Amino acid sequence: VTGRWAIGVDVGGSKIASAVVSEDGLVEGRRVVATPVGQGAAAVLAAITRQVRDALGLLPRGDLLAGLGISTGGAVDHASGIVLSATDLLPGWAGRELAADLRHQLGVAVYVDNDGNAHALGEHRFGAGRGLRDMLCVAVGTGIGGGLVLDGRIRRGASHTAGEIGHVPAVGAQERTCSCGGVGHVETVASGPAMTARYRDLSGDPDVTDLRVVARRADEGDPIATAVLADGGGSLGQVLAGLVNTLDPQAVVLAGGVADVGEKFCVPLRDSLQTSALPGPSRVAVLPAQLGGAAPLAGAGLLALERHGEDRRIEGVDQWQ
Ligand SMILES: [Zn+2]
């Protein structure tokens, strides 16, 4: 049987990850390098190209390559592969014709999407959302990303921001400036750095820079740590209640490093979701993500694997430009 593969790359403000992804959901040869943000967008593009060239060398001869998929922070026009806007984490990234540039350099089909969409796509096809028709994926980490699957398809919306759950206005976030430049969004109270900073403010302990420390203190009975996680989880739960009332999905998939800190964050989240949702959607399944950091890579690969018509037979590493 001939295998069919894609290369998936996940581009963030701190690291670039890559892997080869098979049609059956294998994510192999994962490699991570630091994003050379200080050296400008051209250097970031060169780093991506190097990662892809290395990944091309991992593909089995005789199989098929569907193309390259890129998951990136920022708003992306998926159809054209152009980055429309990006935060300060990726300076010079906005306006990049990412698909066209990389196709020109590598000679393979290239597809680009926002990282929240790629994360949702990976979990939907290969992870916690397998077989579901309608699902919301929320990834809580340094920021809060998300993706929306309706009728089995990623929905990107009229201006390419569907699923941007982190930028929904939220309780407790008034006056706080968000990474997007807006004010009062849930990311400013429920992301990892937001809760860590709040703990530092309230506890007066300036040395805490990692949410896992806050979570450990909460588990040991520290009331400030407990309250900070409960407020963040509760605020995000209320945002999710509004979304499940509106969309009535079968499941909410909770992903990202913050979701892994445990019940001091997740229980208040579920409680507030259930309290504020209508009776039907309050019973929505809240599922832990299954793929971890492999989800956006799997989703990036799927962007290429779900297209047909540009497959190329893999003959050897010398065939690629
Ligand atoms: Zn925002």
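The values are calculated or read from the model by the stated rules, or taken from the named source; none is laboratory data. Only a predicted model underlies this, so the values are computations on that prediction, with no experimental measurement involved. Neighbour counts run over all protein chains shown; Cβ positions are idealised from the backbone, glycine included. Heads up: the accessible areas ignore ligands, DNA and RNA and are worked out on the full protein's heavy atoms, side chains in. Shrake-Rupley method; radii C 1.70, N 1.55, O 1.52, S 1.80 Å.
Looking across the stretch 107-130, the residues that are open to solvent by less than 10 Å² (accessible area, probe 1.4 Å) and among the acidic types (Asp, Glu) come down to 113, 123. Checking each residue in the stretch 178-208 for being modelled with pLDDT of 95 or more and assigned to a loop (DSSP other than H, G, I, E, B) picks out 184, 186, 191, 204, 205, 206, 207, 208. I'm trying to understand the selection: among the residues of the stretch 181-201, which are crowded, with 17+ Cβ neighbours inside 10 Å and either near the ligand (Cβ under 9 Å from one of its atoms) or among the hydroxyl-bearing types (Ser, Thr, Tyr) (or both)? Correct list: 184, 185, 186, 187, 188, 191, 196, 199. Taking the criterion of being within 23 Å of residue 13 (Cβ to Cβ), of a type in the set (A, V, I, L, M) and out of contact with any Ser or Thr (no Cβ under 6 Å at 6 or more places or on another chain), the residues of the stretch 48-84 that qualify are 48, 52, 68, 70, 76, 82, 83, 84. Among the criteria (1) within 20 Å of residue 272 (Cβ to Cβ); (2) outside any loop (DSSP other than H, G, I, E, B); (3) in contact with an Asp or Glu (Cβ under 8 Å, 6 or more places away or on another chain), the one residue 218 does not fulfil is (3). Whenever a residue of the stretch 150-173 is touching a residue at least 12 places away in the same chain (Cβ under 8 Å), its partners that are part of a loop (DSSP other than H, G, I, E, B) and more than 16 Å from the ligand (Cβ to nearest atom), lying with C-beta atoms within less than 6 angstrom and at least six residues away or across chains, give the pairs 150/134; 152/133; 156/78; 162/155; 162/156. The criterion of being touching a Lys or Arg at 6+ places or on another chain (Cβ under 8 Å), of a type in the set (Val, Ile, Thr) and buried (at least 18 other Cβ atoms within 10 Å of the Cβ) holds for residue 261. Residue 64 meets each of the listed conditions (1) in contact with a Phe, Trp or Tyr (Cβ under 9 Å, 6 or more places away or on another chain); (2) surrounded by 15 or more Cβ atoms within 10 Å (Cβ to Cβ); (3) modelled with pLDDT under 95 apart from (3). The single condition among (1) in contact (Cβ under 8 Å) with a residue 12 or more places away in the chain; (2) surrounded by fewer than 23 Cβ atoms within 10 Å (Cβ to Cβ) that residue 79 does not satisfy is (1).
Scanning the stretch 141-155 for residues that are open to solvent by less than 60 Å² (accessible area, probe 1.4 Å) and more than 20 Å from residue 189 (Cα to Cα) yields 148, 149, 150, 152, 154.
For the stretch 45-82, the tally of residues that are within 19 Å of the chain's Cα centre (by Cα) and part of a helix (DSSP H, G or I) stands at 1. Taking the conditions exactly as written (of a type in the set (A, V, I, L, M, F, W, C) and within 16 Å of the ligand (Cβ to nearest atom)), does residue 208 satisfy them or not? The answer is no for residue 208. As for the stretch 31-40, it holds at least one residue that is in contact with a Ser or Thr (Cβ under 9 Å, 6 or more places away or on another chain) and within 21 Å of residue 126 (Cβ to Cβ). Criterion applied to 286, 253, 244, 239 was being within 16 Å of the ligand (Cβ to nearest atom) and closer than 30 Å to residue 152 by Cβ, and the one residue passing it is 239.
For the stretch 162-175, a tally of residues being surrounded by fewer than 19 Cβ atoms within 10 Å (Cβ to Cβ) and at pLDDT 95 or above returns 2.
Answer yes or no: is there a residue in the stretch 228-247 that is at pLDDT 95 or above, closer than 18 Å to residue 128 by Cβ and open to solvent by 10 Å² or more (accessible area, probe 1.4 Å). Among the residues of the stretch 228-247, at least one is at pLDDT 95 or above, closer than 18 Å to residue 128 by Cβ and open to solvent by 10 Å² or more (accessible area, probe 1.4 Å), which makes the answer yes.
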